[in-house]
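Step one of this worksheet: look at the structure below.
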Amino acid sequence: MKHQFCALLFLALPLLGGARESLPATGPEFLSFDELVTLSDTDQPAQALSEKLDRVLRTPILSNAATLEGAVPHRPLVNGIGPVLRVASWNIERGLNFDLIKLALSDPEGFKQAALERGTISAPTLTKIEQQVTKLRDADIVVLNEVDLGMKQTGYRDVAKDLAHALGMNYVFGVEFVEVDRLDDLALEKVQLEDAALTQELREELKPDPDRYLGLHGSAILSRYPIQNARIFRFPACHDWYKTERAEISKLEKGKRLAANKVFLERIEREVRRGGRMAIIADVSIPDLPGGSATVVNVHLENKCKPECRTKQMDALLSRIKEVENPVILAGDLNTTGMDGTPTSIRREILKRVKNYEFWITQGLKWGTPAALPLAALTPVTYYKNYLDPTATHLPIIGANKEARLFRHVEQFRFVDHKAFDFRGETEHNLHEKSGTLANSNQRARKGFEPTFTVKRDFGGLVGRYKLDWFFVKPYITRPRGEGMSYQFAPHFPMTMRDLNNAVPDGVSDHAPITVDLPL
(Lines give C-alpha, C1' and ligand atoms only; values in the text may rest on other atoms or scores of the structure.)
Protein backbone atom coordinates (compact mmCIF):
# COMPACT_ATOMS: atom_id res chain seq x y z
CA MET A 1 0.00 0.00 0.00
CA LYS A 2 2.88 2.35 0.78
CA HIS A 3 4.32 1.88 -2.73
CA GLN A 4 0.90 2.49 -4.31
CA PHE A 5 0.50 5.66 -2.27
CA CYS A 6 3.91 6.99 -3.34
CA ALA A 7 3.12 6.21 -6.98
CA LEU A 8 -0.12 8.15 -6.77
CA LEU A 9 1.71 11.07 -5.20
CA PHE A 10 4.21 11.10 -8.05
CA LEU A 11 1.35 11.37 -10.55
CA ALA A 12 -0.28 14.08 -8.45
CA LEU A 13 2.79 16.31 -8.06
CA PRO A 14 1.85 18.73 -10.85
CA LEU A 15 -1.44 19.38 -9.02
CA LEU A 16 0.08 20.23 -5.67
CA GLY A 17 0.16 23.81 -4.47
CA GLY A 18 3.41 23.69 -2.50
CA ALA A 19 7.12 23.57 -3.27
CA ARG A 20 10.31 21.99 -2.00
CA GLU A 21 11.70 23.20 1.31
CA SER A 22 14.30 25.24 -0.57
CA LEU A 23 11.49 27.25 -2.18
CA PRO A 24 9.03 29.50 -0.33
CA ALA A 25 5.47 28.38 0.31
CA THR A 26 2.77 30.04 -1.77
CA GLY A 27 1.07 32.96 -0.04
CA PRO A 28 0.53 36.74 0.05
CA GLU A 29 3.07 39.53 0.48
CA PHE A 30 3.33 40.48 4.15
CA LEU A 31 2.73 43.95 5.53
CA SER A 32 5.69 46.11 6.56
CA PHE A 33 5.94 47.54 10.09
CA ASP A 34 5.16 51.02 8.76
CA GLU A 35 2.06 49.67 7.05
CA LEU A 36 0.99 48.01 10.31
CA VAL A 37 1.39 51.35 12.10
CA THR A 38 -0.85 52.98 9.49
CA LEU A 39 -3.44 50.23 9.94
CA SER A 40 -3.36 50.85 13.67
CA ASP A 41 -4.00 54.57 13.33
CA THR A 42 -6.27 54.82 10.28
CA ASP A 43 -9.86 53.70 10.15
CA GLN A 44 -9.99 53.90 6.35
CA PRO A 45 -6.50 53.26 4.88
CA ALA A 46 -5.61 54.20 1.32
CA GLN A 47 -6.84 51.89 -1.42
CA ALA A 48 -3.46 50.24 -2.12
CA LEU A 49 -2.93 49.37 1.56
CA SER A 50 -6.53 48.26 1.97
CA GLU A 51 -6.15 45.88 -0.99
CA LYS A 52 -2.88 44.53 0.38
CA LEU A 53 -4.52 43.88 3.76
CA ASP A 54 -7.39 42.12 2.01
CA ARG A 55 -4.94 39.81 0.18
CA VAL A 56 -3.26 38.95 3.49
CA LEU A 57 -6.63 38.08 5.01
CA ARG A 58 -7.91 36.05 2.05
CA THR A 59 -4.85 34.24 0.65
CA PRO A 60 -3.79 31.00 2.35
CA ILE A 61 -0.11 30.15 2.81
CA LEU A 62 0.35 26.63 1.44
CA SER A 63 3.25 24.18 1.36
CA ASN A 64 3.34 20.55 0.22
CA ALA A 65 7.10 20.31 0.76
CA ALA A 66 6.74 17.27 3.04
CA THR A 67 5.04 15.21 0.32
CA LEU A 68 7.64 16.22 -2.24
CA GLU A 69 10.33 15.06 0.18
CA GLY A 70 8.73 11.63 0.58
CA ALA A 71 6.53 11.93 3.68
CA VAL A 72 3.90 9.19 3.99
CA PRO A 73 0.93 8.93 6.38
CA HIS A 74 1.14 6.86 9.55
CA ARG A 75 -2.26 5.19 8.94
CA PRO A 76 -2.48 3.72 12.47
CA LEU A 77 -4.18 0.33 12.88
CA VAL A 78 -7.07 0.09 15.33
CA ASN A 79 -8.35 -3.25 16.58
CA GLY A 80 -11.61 -4.17 14.96
CA ILE A 81 -11.63 -1.49 12.26
CA GLY A 82 -8.21 -1.66 10.58
CA PRO A 83 -6.27 1.36 9.24
CA VAL A 84 -7.70 4.77 10.12
CA LEU A 85 -7.24 8.40 9.36
CA ARG A 86 -6.57 9.87 12.79
CA VAL A 87 -7.45 13.55 13.03
CA ALA A 88 -6.48 15.90 15.87
CA SER A 89 -7.80 19.35 16.68
CA TRP A 90 -6.04 21.68 19.11
CA ASN A 91 -6.28 25.35 20.00
CA ILE A 92 -2.59 25.84 20.86
CA GLU A 93 -2.91 29.29 22.42
CA ARG A 94 -0.72 31.00 19.83
CA GLY A 95 2.06 28.43 20.25
CA LEU A 96 3.31 29.97 23.49
CA ASN A 97 4.57 26.55 24.64
CA PHE A 98 5.97 25.67 21.22
CA ASP A 99 8.57 23.12 22.36
CA LEU A 100 6.04 21.18 24.45
CA ILE A 101 3.46 21.29 21.66
CA LYS A 102 6.03 19.92 19.21
CA LEU A 103 6.96 17.10 21.60
CA ALA A 104 3.30 16.29 22.24
CA LEU A 105 2.71 15.89 18.50
CA SER A 106 5.87 13.96 17.68
CA ASP A 107 7.83 12.46 20.58
CA PRO A 108 5.99 10.59 23.41
CA GLU A 109 9.17 9.81 25.34
CA GLY A 110 10.52 13.34 24.98
CA PHE A 111 7.21 14.82 26.13
CA LYS A 112 7.09 12.51 29.15
CA GLN A 113 10.59 13.52 30.21
CA ALA A 114 9.84 17.21 29.75
CA ALA A 115 6.70 16.86 31.88
CA LEU A 116 8.56 15.00 34.64
CA GLU A 117 11.19 17.76 34.76
CA ARG A 118 8.45 20.31 35.47
CA GLY A 119 6.72 18.54 38.35
CA THR A 120 5.63 15.34 40.06
CA ILE A 121 3.16 13.12 38.21
CA SER A 122 1.46 10.09 39.73
CA ALA A 123 2.02 6.70 38.11
CA PRO A 124 -1.61 6.28 36.91
CA THR A 125 -1.61 9.79 35.42
CA LEU A 126 1.74 9.20 33.74
CA THR A 127 0.34 6.07 32.10
CA LYS A 128 -2.60 8.08 30.74
CA ILE A 129 -0.26 10.78 29.45
CA GLU A 130 1.89 8.21 27.64
CA GLN A 131 -1.20 6.67 26.02
CA GLN A 132 -2.53 10.04 24.90
CA VAL A 133 0.78 11.32 23.52
CA THR A 134 1.30 8.08 21.59
CA LYS A 135 -2.17 8.39 20.09
CA LEU A 136 -1.70 12.06 19.23
CA ARG A 137 1.62 11.37 17.48
CA ASP A 138 -0.14 9.20 14.88
CA ALA A 139 -2.61 11.88 13.79
CA ASP A 140 -2.13 12.34 10.04
CA ILE A 141 -4.21 15.53 9.97
CA VAL A 142 -3.87 18.18 12.69
CA VAL A 143 -6.26 21.14 12.84
CA LEU A 144 -4.79 24.06 14.80
CA ASN A 145 -6.46 27.22 16.11
CA GLU A 146 -4.68 30.29 17.51
CA VAL A 147 -1.43 30.07 15.57
CA ASP A 148 1.09 32.94 15.47
CA LEU A 149 3.29 34.13 12.63
CA GLY A 150 5.83 36.88 13.36
CA MET A 151 4.58 37.78 16.86
CA LYS A 152 6.87 38.87 19.70
CA GLN A 153 5.31 36.65 22.37
CA THR A 154 6.10 33.52 20.34
CA GLY A 155 9.62 34.58 19.38
CA TYR A 156 8.60 35.76 15.88
CA ARG A 157 8.14 32.12 14.87
CA ASP A 158 6.19 30.93 11.90
CA VAL A 159 4.46 28.45 14.22
CA ALA A 160 2.58 26.50 11.54
CA LYS A 161 5.61 26.15 9.28
CA ASP A 162 7.96 25.23 12.13
CA LEU A 163 5.58 22.58 13.47
CA ALA A 164 4.97 21.18 9.98
CA HIS A 165 8.71 20.95 9.34
CA ALA A 166 9.34 19.24 12.69
CA LEU A 167 6.54 16.71 12.10
CA GLY A 168 7.23 16.06 8.42
CA MET A 169 3.84 17.40 7.35
CA ASN A 170 2.40 19.66 4.68
CA TYR A 171 0.54 22.72 5.92
CA VAL A 172 -1.82 25.52 5.07
CA PHE A 173 -2.10 28.65 7.21
CA GLY A 174 -4.77 31.33 7.07
CA VAL A 175 -4.62 34.76 8.70
CA GLU A 176 -7.47 35.47 11.08
CA PHE A 177 -6.18 38.75 12.49
CA VAL A 178 -3.46 41.30 11.88
CA GLU A 179 -2.49 42.49 15.36
CA VAL A 180 -2.08 46.28 15.48
CA ASP A 181 -2.60 47.35 19.10
CA ARG A 182 -0.45 50.45 19.67
CA LEU A 183 0.37 49.46 23.25
CA ASP A 184 0.58 45.68 23.28
CA ASP A 185 1.83 44.82 19.79
CA LEU A 186 3.50 47.85 18.20
CA ALA A 187 4.72 49.55 21.42
CA LEU A 188 4.12 52.98 19.90
CA GLU A 189 2.23 54.06 22.98
CA LYS A 190 4.33 54.31 26.15
CA VAL A 191 2.84 52.77 29.25
CA GLN A 192 3.37 54.81 32.41
CA LEU A 193 3.26 53.29 35.90
CA GLU A 194 3.87 54.97 39.25
CA ASP A 195 7.28 53.32 39.59
CA ALA A 196 9.85 54.53 37.01
CA ALA A 197 11.83 51.26 37.13
CA LEU A 198 8.69 49.20 36.52
CA THR A 199 7.72 51.50 33.68
CA GLN A 200 11.05 50.97 31.92
CA GLU A 201 10.96 47.19 32.41
CA LEU A 202 7.46 46.91 30.98
CA ARG A 203 8.35 49.08 27.99
CA GLU A 204 11.26 46.77 27.21
CA GLU A 205 9.01 43.72 27.58
CA LEU A 206 6.48 45.09 25.09
CA LYS A 207 8.85 46.55 22.50
CA PRO A 208 8.85 44.55 19.23
CA ASP A 209 11.57 44.20 16.62
CA PRO A 210 10.24 46.16 13.60
CA ASP A 211 12.32 44.02 11.22
CA ARG A 212 10.78 40.75 12.47
CA TYR A 213 7.30 41.73 13.56
CA LEU A 214 4.59 40.59 11.11
CA GLY A 215 1.62 40.66 13.47
CA LEU A 216 -0.22 37.67 12.01
CA HIS A 217 -2.48 35.34 13.96
CA GLY A 218 -4.67 32.60 12.52
CA SER A 219 -5.36 28.92 12.02
CA ALA A 220 -3.63 26.04 10.25
CA ILE A 221 -4.11 22.53 8.92
CA LEU A 222 -1.14 20.14 8.99
CA SER A 223 -1.33 16.96 6.90
CA ARG A 224 0.83 14.01 5.87
CA TYR A 225 -1.42 13.77 2.83
CA PRO A 226 -1.11 16.33 0.01
CA ILE A 227 -3.21 19.47 0.42
CA GLN A 228 -5.06 20.84 -2.61
CA ASN A 229 -7.43 23.70 -3.34
CA ALA A 230 -7.01 25.53 -0.05
CA ARG A 231 -9.24 28.56 0.42
CA ILE A 232 -10.29 30.93 3.20
CA PHE A 233 -13.90 31.64 4.10
CA ARG A 234 -14.47 34.73 6.23
CA PHE A 235 -17.45 34.66 8.57
CA PRO A 236 -20.06 37.39 8.95
CA ALA A 237 -18.72 39.73 11.61
CA CYS A 238 -20.10 39.31 15.13
CA HIS A 239 -17.62 41.68 16.75
CA ASP A 240 -15.60 44.58 15.33
CA TRP A 241 -12.09 43.88 16.56
CA TYR A 242 -10.86 47.28 15.35
CA LYS A 243 -13.48 49.95 16.04
CA THR A 244 -15.06 48.37 19.13
CA GLU A 245 -11.75 47.50 20.78
CA ARG A 246 -10.37 50.98 20.07
CA ALA A 247 -13.51 52.54 21.52
CA GLU A 248 -13.08 50.54 24.72
CA ILE A 249 -9.51 51.76 25.05
CA SER A 250 -10.58 55.36 24.44
CA LYS A 251 -12.89 55.16 27.44
CA LEU A 252 -9.94 54.29 29.63
CA GLU A 253 -8.02 57.38 28.58
CA LYS A 254 -10.72 59.48 30.25
CA GLY A 255 -10.37 57.64 33.55
CA LYS A 256 -7.43 59.62 34.91
CA ARG A 257 -8.45 58.85 38.48
CA LEU A 258 -7.78 55.15 37.90
CA ALA A 259 -4.51 53.79 39.27
CA ALA A 260 -1.88 53.14 36.60
CA ASN A 261 -1.86 49.41 37.36
CA LYS A 262 -5.62 49.30 36.84
CA VAL A 263 -5.23 51.02 33.48
CA PHE A 264 -2.57 48.50 32.49
CA LEU A 265 -4.79 45.62 33.57
CA GLU A 266 -7.71 46.92 31.53
CA ARG A 267 -5.56 47.67 28.51
CA ILE A 268 -4.09 44.18 28.23
CA GLU A 269 -7.60 42.75 28.16
CA ARG A 270 -8.26 44.62 24.89
CA GLU A 271 -7.03 43.48 21.47
CA VAL A 272 -7.01 45.90 18.53
CA ARG A 273 -6.96 43.87 15.33
CA ARG A 274 -7.73 43.97 11.64
CA GLY A 275 -9.67 41.01 10.31
CA GLY A 276 -12.14 38.64 11.89
CA ARG A 277 -13.06 35.01 12.40
CA MET A 278 -12.66 32.66 9.47
CA ALA A 279 -12.46 29.07 8.31
CA ILE A 280 -9.86 27.29 6.19
CA ILE A 281 -11.32 24.85 3.67
CA ALA A 282 -8.86 22.43 2.04
CA ASP A 283 -9.14 19.27 -0.03
CA VAL A 284 -6.75 16.54 1.09
CA SER A 285 -5.69 13.74 -1.28
CA ILE A 286 -6.42 10.37 0.40
CA PRO A 287 -6.07 7.50 -2.11
CA ASP A 288 -7.85 5.02 0.22
CA LEU A 289 -11.18 6.82 -0.20
CA PRO A 290 -13.52 6.07 -3.14
CA GLY A 291 -13.20 9.58 -4.57
CA GLY A 292 -9.56 9.98 -3.55
CA SER A 293 -10.12 13.08 -1.41
CA ALA A 294 -11.61 14.43 1.78
CA THR A 295 -12.35 18.07 2.60
CA VAL A 296 -11.02 19.44 5.89
CA VAL A 297 -12.68 22.55 7.35
CA ASN A 298 -10.86 24.35 10.18
CA VAL A 299 -13.36 26.52 12.07
CA HIS A 300 -12.89 29.23 14.71
CA LEU A 301 -16.14 30.94 15.69
CA GLU A 302 -16.40 34.23 17.55
CA ASN A 303 -16.11 34.38 21.34
CA LYS A 304 -17.06 38.04 21.81
CA CYS A 305 -20.68 37.63 20.80
CA LYS A 306 -23.90 35.92 21.80
CA PRO A 307 -24.63 32.31 20.78
CA GLU A 308 -27.11 33.50 18.14
CA CYS A 309 -24.31 35.08 16.12
CA ARG A 310 -22.15 31.95 16.30
CA THR A 311 -25.11 30.10 14.80
CA LYS A 312 -25.24 32.72 12.04
CA GLN A 313 -21.54 32.13 11.32
CA MET A 314 -22.00 28.36 11.21
CA ASP A 315 -24.99 28.70 8.88
CA ALA A 316 -22.91 30.82 6.50
CA LEU A 317 -20.16 28.19 6.49
CA LEU A 318 -22.60 25.35 5.83
CA SER A 319 -23.96 27.26 2.83
CA ARG A 320 -20.40 27.68 1.57
CA ILE A 321 -19.57 23.95 1.72
CA LYS A 322 -22.97 22.63 0.61
CA GLU A 323 -21.67 21.64 -2.83
CA VAL A 324 -18.78 19.53 -1.43
CA GLU A 325 -19.26 15.88 -2.42
CA ASN A 326 -16.16 14.57 -0.63
CA PRO A 327 -16.32 13.24 2.91
CA VAL A 328 -15.91 16.24 5.22
CA ILE A 329 -14.08 16.76 8.50
CA LEU A 330 -15.20 19.95 10.22
CA ALA A 331 -13.14 20.68 13.33
CA GLY A 332 -12.03 23.52 15.54
CA ASP A 333 -12.88 25.93 18.34
CA LEU A 334 -16.57 26.85 18.24
CA ASN A 335 -16.44 28.88 21.49
CA THR A 336 -19.67 27.22 22.67
CA THR A 337 -19.74 28.72 26.17
CA GLY A 338 -23.42 29.56 26.11
CA MET A 339 -22.58 33.19 26.82
CA ASP A 340 -20.99 36.33 25.42
CA GLY A 341 -17.23 35.92 25.73
CA THR A 342 -14.88 33.12 26.73
CA PRO A 343 -13.67 33.42 30.35
CA THR A 344 -9.96 33.19 30.91
CA SER A 345 -7.33 34.10 33.48
CA ILE A 346 -5.40 37.33 33.83
CA ARG A 347 -2.17 35.30 34.03
CA ARG A 348 -2.66 34.00 30.51
CA GLU A 349 -3.50 37.42 29.16
CA ILE A 350 -0.27 38.77 30.63
CA LEU A 351 1.71 35.78 29.38
CA LYS A 352 0.64 36.57 25.83
CA ARG A 353 2.36 39.93 26.08
CA VAL A 354 5.29 39.78 28.49
CA LYS A 355 7.80 37.11 29.45
CA ASN A 356 8.06 37.78 33.17
CA TYR A 357 4.37 37.33 33.90
CA GLU A 358 4.89 36.15 37.50
CA PHE A 359 6.53 39.47 38.33
CA TRP A 360 3.58 41.45 37.02
CA ILE A 361 1.10 39.30 38.89
CA THR A 362 2.88 40.22 42.10
CA GLN A 363 2.25 43.87 41.28
CA GLY A 364 -1.39 43.40 42.14
CA LEU A 365 -3.00 41.78 39.11
CA LYS A 366 -5.19 39.00 40.50
CA TRP A 367 -6.60 35.82 39.03
CA GLY A 368 -9.77 36.22 37.03
CA THR A 369 -12.97 34.80 38.43
CA PRO A 370 -15.05 32.67 36.05
CA ALA A 371 -17.65 34.72 34.29
CA ALA A 372 -20.03 31.81 34.70
CA LEU A 373 -20.17 32.01 38.51
CA PRO A 374 -22.98 34.61 38.73
CA LEU A 375 -24.94 32.68 36.11
CA ALA A 376 -24.57 29.46 38.08
CA ALA A 377 -25.79 31.14 41.25
CA LEU A 378 -28.80 32.79 39.65
CA THR A 379 -30.06 30.02 37.38
CA PRO A 380 -28.82 26.68 38.73
CA VAL A 381 -31.34 24.45 36.95
CA THR A 382 -30.68 25.88 33.49
CA TYR A 383 -26.96 26.15 34.12
CA TYR A 384 -26.46 22.55 35.13
CA LYS A 385 -28.75 21.24 32.42
CA ASN A 386 -26.45 22.78 29.81
CA TYR A 387 -23.17 22.58 31.73
CA LEU A 388 -20.65 20.60 29.65
CA ASP A 389 -23.35 19.75 27.12
CA PRO A 390 -24.05 22.63 24.71
CA THR A 391 -26.14 20.17 22.64
CA ALA A 392 -28.76 19.88 25.43
CA THR A 393 -32.34 20.55 24.41
CA HIS A 394 -33.45 24.18 24.42
CA LEU A 395 -36.49 24.60 26.68
CA PRO A 396 -37.78 28.19 26.54
CA ILE A 397 -38.07 29.95 29.92
CA ILE A 398 -37.48 26.87 32.09
CA GLY A 399 -34.31 25.58 30.44
CA ALA A 400 -32.96 27.86 27.75
CA ASN A 401 -29.89 26.71 25.81
CA LYS A 402 -29.01 29.19 23.09
CA GLU A 403 -26.13 27.07 21.78
CA ALA A 404 -28.50 24.20 20.93
CA ARG A 405 -29.65 25.91 17.75
CA LEU A 406 -26.17 25.70 16.23
CA PHE A 407 -26.02 21.93 16.74
CA ARG A 408 -29.56 21.48 15.49
CA HIS A 409 -28.70 23.32 12.27
CA VAL A 410 -25.61 21.16 11.73
CA GLU A 411 -27.63 17.98 12.29
CA GLN A 412 -30.41 19.08 9.92
CA PHE A 413 -27.99 20.20 7.20
CA ARG A 414 -27.72 18.17 3.99
CA PHE A 415 -25.03 18.46 1.33
CA VAL A 416 -25.89 18.56 -2.36
CA ASP A 417 -25.22 14.80 -2.53
CA HIS A 418 -27.80 14.31 0.28
CA LYS A 419 -25.12 13.19 2.77
CA ALA A 420 -25.23 14.34 6.40
CA PHE A 421 -22.95 14.91 9.38
CA ASP A 422 -22.71 11.91 11.71
CA PHE A 423 -24.50 12.59 15.02
CA ARG A 424 -24.56 8.96 16.17
CA GLY A 425 -23.63 8.12 19.73
CA GLU A 426 -23.29 4.34 20.18
CA THR A 427 -21.54 2.72 23.11
CA GLU A 428 -19.52 0.31 20.94
CA HIS A 429 -17.94 3.12 18.90
CA ASN A 430 -16.37 5.21 21.65
CA LEU A 431 -13.75 4.64 24.32
CA HIS A 432 -15.87 4.77 27.45
CA GLU A 433 -19.15 3.20 26.29
CA LYS A 434 -21.07 6.46 26.56
CA SER A 435 -24.15 6.95 24.44
CA GLY A 436 -25.73 10.20 23.33
CA THR A 437 -25.57 12.85 20.63
CA LEU A 438 -22.16 13.05 18.92
CA ALA A 439 -20.61 10.48 21.29
CA ASN A 440 -18.95 8.72 18.32
CA SER A 441 -17.04 11.88 17.38
CA ASN A 442 -16.60 13.80 20.68
CA GLN A 443 -15.74 12.19 24.00
CA ARG A 444 -18.54 12.20 26.53
CA ALA A 445 -18.04 12.19 30.30
CA ARG A 446 -20.22 11.04 33.20
CA LYS A 447 -22.34 14.11 32.53
CA GLY A 448 -22.15 15.90 29.21
CA PHE A 449 -18.88 16.05 27.27
CA GLU A 450 -15.31 16.06 28.46
CA PRO A 451 -14.37 19.75 28.71
CA THR A 452 -11.66 21.05 26.41
CA PHE A 453 -11.20 24.41 28.16
CA THR A 454 -10.90 25.09 31.90
CA VAL A 455 -10.37 28.41 33.64
CA LYS A 456 -7.70 28.62 36.32
CA ARG A 457 -10.23 28.84 39.13
CA ASP A 458 -12.98 26.34 38.33
CA PHE A 459 -14.02 25.61 41.92
CA GLY A 460 -13.48 21.89 41.51
CA GLY A 461 -15.40 21.78 38.26
CA LEU A 462 -18.47 23.53 39.70
CA VAL A 463 -18.05 26.25 37.06
CA GLY A 464 -15.52 27.27 34.46
CA ARG A 465 -15.22 24.10 32.35
CA TYR A 466 -16.36 24.20 28.75
CA LYS A 467 -16.61 21.97 25.71
CA LEU A 468 -15.42 24.46 23.09
CA ASP A 469 -13.63 22.24 20.54
CA TRP A 470 -15.58 19.88 18.29
CA PHE A 471 -15.54 17.37 15.45
CA PHE A 472 -18.33 17.05 12.90
CA VAL A 473 -17.73 14.37 10.27
CA LYS A 474 -19.62 13.75 7.03
CA PRO A 475 -19.05 10.08 6.09
CA TYR A 476 -21.12 8.08 3.57
CA ILE A 477 -24.49 8.41 5.34
CA THR A 478 -27.73 10.21 4.52
CA ARG A 479 -29.25 10.33 8.01
CA PRO A 480 -27.34 11.76 11.01
CA ARG A 481 -28.63 9.09 13.43
CA GLY A 482 -29.53 6.39 10.92
CA GLU A 483 -29.16 2.79 12.13
CA GLY A 484 -27.46 0.23 9.94
CA MET A 485 -25.71 2.80 7.76
CA SER A 486 -22.10 2.68 6.58
CA TYR A 487 -19.24 3.10 9.04
CA GLN A 488 -16.59 3.80 6.42
CA PHE A 489 -14.95 7.09 7.38
CA ALA A 490 -17.47 7.39 10.23
CA PRO A 491 -16.12 8.75 13.54
CA HIS A 492 -14.84 6.26 16.14
CA PHE A 493 -13.15 6.39 19.56
CA PRO A 494 -12.93 10.14 20.20
CA MET A 495 -10.55 11.27 22.92
CA THR A 496 -10.10 14.52 24.85
CA MET A 497 -6.49 14.63 26.09
CA ARG A 498 -6.78 16.55 29.33
CA ASP A 499 -4.08 14.53 31.10
CA LEU A 500 -1.63 15.35 28.30
CA ASN A 501 -2.49 19.03 28.40
CA ASN A 502 -2.26 19.19 32.19
CA ALA A 503 1.04 17.32 32.30
CA VAL A 504 2.83 20.57 33.20
CA PRO A 505 1.70 22.92 36.00
CA ASP A 506 0.33 25.71 33.79
CA GLY A 507 -0.91 23.46 31.02
CA VAL A 508 0.56 23.06 27.55
CA SER A 509 -2.27 25.26 26.23
CA ASP A 510 -5.51 26.64 27.64
CA HIS A 511 -7.32 24.05 25.48
CA ALA A 512 -6.83 20.28 25.47
CA PRO A 513 -6.26 18.49 22.15
CA ILE A 514 -8.94 16.13 20.85
CA THR A 515 -8.71 13.25 18.37
CA VAL A 516 -11.05 11.00 16.40
CA ASP A 517 -10.42 7.93 14.21
CA LEU A 518 -11.99 7.56 10.75
CA PRO A 519 -11.83 4.04 9.23
CA LEU A 520 -10.28 3.93 5.80
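Would you confirm whether any residue within segment 107-115 is under 17 Å from the mean Cα position of the chain (by Cα), more than 21 Å from residue 226 (Cβ to Cβ) and part of a loop (DSSP other than H, G, I, E, B)?
We begin by selecting, within segment 107-115, every residue under 17 Å from the mean Cα position of the chain (by Cα); these are none.
No, there is no match, as no residue in segment 107-115 is under 17 Å from the mean Cα position of the chain (by Cα), more than 21 Å from residue 226 (Cβ to Cβ) and part of a loop (DSSP other than H, G, I, E, B).
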*Return the only residue of 35, 51 being open to solvent by 40 Å² or more (accessible area, probe 1.4 Å) and either in contact with a Leu (Cβ under 9 Å, 6 or more places away or on another chain) or at pLDDT below 95 (or both).*
35
*Among all residue pairs at least 6 apart or on different chains, which show Cβ distances below 6 Å where the first residue, located in segment 296-309, is in contact (Cβ under 8 Å) with a residue 24 or more places away in the chain and farther than 26 Å from residue 282 by Cα and the second is among the small types (Gly, Ala, Ser) and part of a loop (DSSP other than H, G, I, E, B)?*
304/341
*Does segment 462-485 contain at least one residue that is open to solvent by 10 Å² or more (accessible area, probe 1.4 Å), touching a Leu at 6+ places or on another chain (Cβ under 9 Å) and on the phi > 0 side of the Ramachandran plot?*
no
*Which of the following residues is in contact with a strand residue (DSSP E or B) (Cβ under 8 Å, 6 or more places away or on another chain) and not in a strand (DSSP E or B): 283, 288?*
288
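Does residue 353 count as of a type outside the set (Asp, Glu), modelled with pLDDT of 55 or more and assigned to a loop (DSSP other than H, G, I, E, B)? Break it down into steps so the answer makes sense when it comes.
Details: of a type outside the set (Asp, Glu): yes; modelled with pLDDT of 55 or more: yes; assigned to a loop (DSSP other than H, G, I, E, B): yes.
Taking the combined requirement at face value, the residue satisfies it.
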*Considering only residues of segment 214-241 that are within 17 Å of the chain's Cα centre (by Cα) and among the aromatic types (Phe, Trp, Tyr), which is least open to solvent (accessible area, probe 1.4 Å)?*
235
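Can you tell me which residue is farthest from residue 137 (Cα to Cα) among those in segment 60-86 that are open to solvent by less than 30 Å² (accessible area, probe 1.4 Å) and assigned to a strand (DSSP E or B)?
The first filter runs over segment 60-86 and keeps only residues open to solvent by less than 30 Å² (accessible area, probe 1.4 Å), leaving 60-67, 71, 73, 76, 78, 82, 84-86.
Among the residues that remain, those that are also assigned to a strand (DSSP E or B) are: 61-63, 78, 82, 84-86.
Values: 61: 24, 62: 22, 63: 21, 78: 14, 82: 18, 84: 14, 85: 12, 86: 10 Å.
Filtering first and then ranking leaves 61.
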_Matching residues, segment 154-200, being touching a Ser or Thr at 6+ places or on another chain (Cβ under 9 Å), under 28 Å from residue 51 (Cβ atoms) and either open to solvent by 20 Å² or more (accessible area, probe 1.4 Å) or not β-branched (Val, Ile, Thr) (or both)_ = 160, 161, 171, 173, 174, 176, 181, 182, 185, 186, 188
_For residue 500: the one exception among (1) touching a strand residue (DSSP E or B) at 6+ places or on another chain (Cβ under 7 Å); (2) modelled with pLDDT of 95 or more; (3) open to solvent by less than 40 Å² (accessible area, probe 1.4 Å)_ = (1)
*Any residue in segment 191-208 that's within 25 Å of residue 156 (Cβ to Cβ): show its pairings with residues that are modelled with pLDDT of 75 or more and surrounded by 15 or more Cβ atoms within 10 Å (Cβ to Cβ) at Cβ separation under 6 Å, as long as the two are six or more apart or on different chains.*
191/202; 206/187; 207/187; 208/152; 208/187
*Return a yes/no flag: does segment 150-167 have any residue that is closer than 29 Å to residue 472 by Cβ, not in a helix (DSSP H, G or I) and not charged (D, E, K, R).*
no
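One line per residue, one yes/no per condition, for (1) closer than 30 Å to residue 78 by Cβ; (2) modelled with pLDDT under 80; (3) β-branched (Val, Ile, Thr); (4) not in a helix (DSSP H, G or I):
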position	(1), (2), (3), (4)
370	no, yes, no, yes
375	no, yes, no, no
381	no, yes, yes, no
393	no, no, yes, yes
410	yes, no, yes, no
418	yes, no, no, yes
425	yes, no, no, yes
441	yes, no, no, yes
447	yes, no, no, yes
*Which of (1) farther than 24 Å from residue 73 by Cβ; (2) open to solvent by 40 Å² or more (accessible area, probe 1.4 Å) is the odd one out, the single condition residue 130 does not satisfy?*
(1)
*asked:* For segment 1-32, give me each residue that is at pLDDT 95 or above and open to solvent by 30 Å² or more (accessible area, probe 1.4 Å).
replied: 29, 30, 32
*Taking only segment 404-449 into account, find how many residues are open to solvent by less than 20 Å² (accessible area, probe 1.4 Å), closer than 17 Å to residue 477 by Cα and under 23 Å from the mean Cα position of the chain (by Cα).*
8
_Those residues of segment 320-350 which are open to solvent by 20 Å² or more (accessible area, probe 1.4 Å), under 22 Å from the mean Cα position of the chain (by Cα) and modelled with pLDDT of 95 or more, in sequence order_ = 320
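The values are calculated or read from the model by the stated rules, or taken from the named source; none is laboratory data. Note that this is a predicted model, so its numbers are computed, not measured. Positions of Cβ are backbone-derived with ideal geometry, glycine not excepted, and every protein chain shown enters the neighbour counts. Note: accessible area is taken over every heavy atom of the protein model, side chains too, but ligands, DNA and RNA are not part of it. Shrake-Rupley method; radii C 1.70, N 1.55, O 1.52, S 1.80 Å.
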